[in-house]
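Read the structure below first, then the notes.
The values are calculated or read from the model by the stated rules, or taken from the named source; none is laboratory data. Bear in mind that the values here come from a model prediction, so they are computed numbers and not experimental data. Cβ coordinates were reconstructed from backbone atoms using ideal geometry, including for glycine residues, and neighbour counts include every protein chain displayed.
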Ligand SMILES: Nc1ncnc2c1ncn2[C@@H]1O[C@H](COP(=O)(O)OP(=O)(O)O)[C@@H](O)[C@H]1O
Ligand SMILES: [Mg+2]
């Protein structure tokens, strides 16, 4: 079995999780509605434990806003999709959840991003630890030019993992639905895998450091339909254990994999709600126009 990491030096310890089965949940951090939102019904706080939330989050690139005043609450162990046309700020918003925008010159973040009750942008928060607990998978599979095994073992080795690496690698590859395809070739180069396998390897690599959240930016958009289906099936599995935040411009994909969907347009959060109601009964006119294909 995989031994849990020691968290003693951890500045980002989550608050204890109070939920009793059947009990009405705490409403979570109170998040003001974005002033741009026309309907309070359009922006919701999903029930359940809050994993991540933004409060009036804006992101600027060299002074130009790419995300404007977004307040959104992401519940624990669900899949949340961000949809919207190209350039509307989906990737920018996603990167705020593990401080990847820090790495972009010219990017400035205003407002708050809360992980449980911790502001990820508060002074003293260790961005490396944030990225361990909130992992990320990118659009284009980006395995390291190393063996399959070494890709998965990479993060745990850096973190000084003390358990059995073999077991952790196997466990991570199984969780990424890749083990059966690679168990006899763990020491082959990761670059010998197909695109879909490489993407699942990147998911295994992200899982190997035992995150709580997985951020996925268009994880299947470079893949063929069969490989895409495998990724979607996998997301469905993963959300049983992790909170999954996925960016996609593929509305069918959002409808298939997510519990909640947020529609972004020109950097603003237009509407956020249970996936099924957002797609069948949107509150906002702009949402309806987008999901019915009137612009894209
Ligand atoms: N690193 C960057 N530097 C400057 N501008 C950027 C950068 N990344 C994105 N942008 C701009 O921010 C806006 C939102 O981009 P992005 O978050 O990539 O949107 P999406 O993922 O929805 O396509 C776009 O206008 C884009 O050109
Ligand atoms: Mg993008």
Restricting attention to the stretch 211-229, which residues are away from ligand 2 (no atom under 14 Å from the Cβ), crowded, with 18+ Cβ neighbours inside 10 Å and not in a loop (DSSP other than H, G, I, E, B)?
213, 214, 227, 228
For the stretch 242-259, check the following and say yes or no: at least one residue is crowded, with 24+ Cβ neighbours inside 10 Å, within 16 Å of ligand 2 (Cβ to nearest atom), within 16 Å of residue 70 (Cα to Cα) and touching a residue at least 40 places away in the same chain (Cβ under 8 Å).
yes
Which residue is nearest to ligand 2 (Cβ to nearest atom), if the candidates are limited to the stretch 265-290 and must be in contact with a helix residue (DSSP H, G or I) (Cβ under 6 Å, 6 or more places away or on another chain) and in a strand (DSSP E or B)?
265
Filter the stretch 53-95 for residues that are out of contact with any helix residue (DSSP H, G or I) (no Cβ under 9 Å at 6 or more places or on another chain), within 11 Å of ligand 1 (Cβ to nearest atom) and part of a loop (DSSP other than H, G, I, E, B); which is nearest to residue 214 (Cα to Cα)?
89
Residue 104 passes all but one of (1) at pLDDT below 95; (2) within 16 Å of ligand 2 (Cβ to nearest atom); (3) touching a helix residue (DSSP H, G or I) at 6+ places or on another chain (Cβ under 7 Å); which number fails?
(3)
Check off (1) away from ligand 1 (no atom under 15 Å from the Cβ); (2) in contact (Cβ under 8 Å) with a residue 24 or more places away in the chain for residue 122 and give me the number that stays unchecked.
(2)
Taking the stretch 107-137, which residues are part of a loop (DSSP other than H, G, I, E, B) and surrounded by fewer than 18 Cβ atoms within 10 Å (Cβ to Cβ)?
117, 122, 123, 124, 125, 126
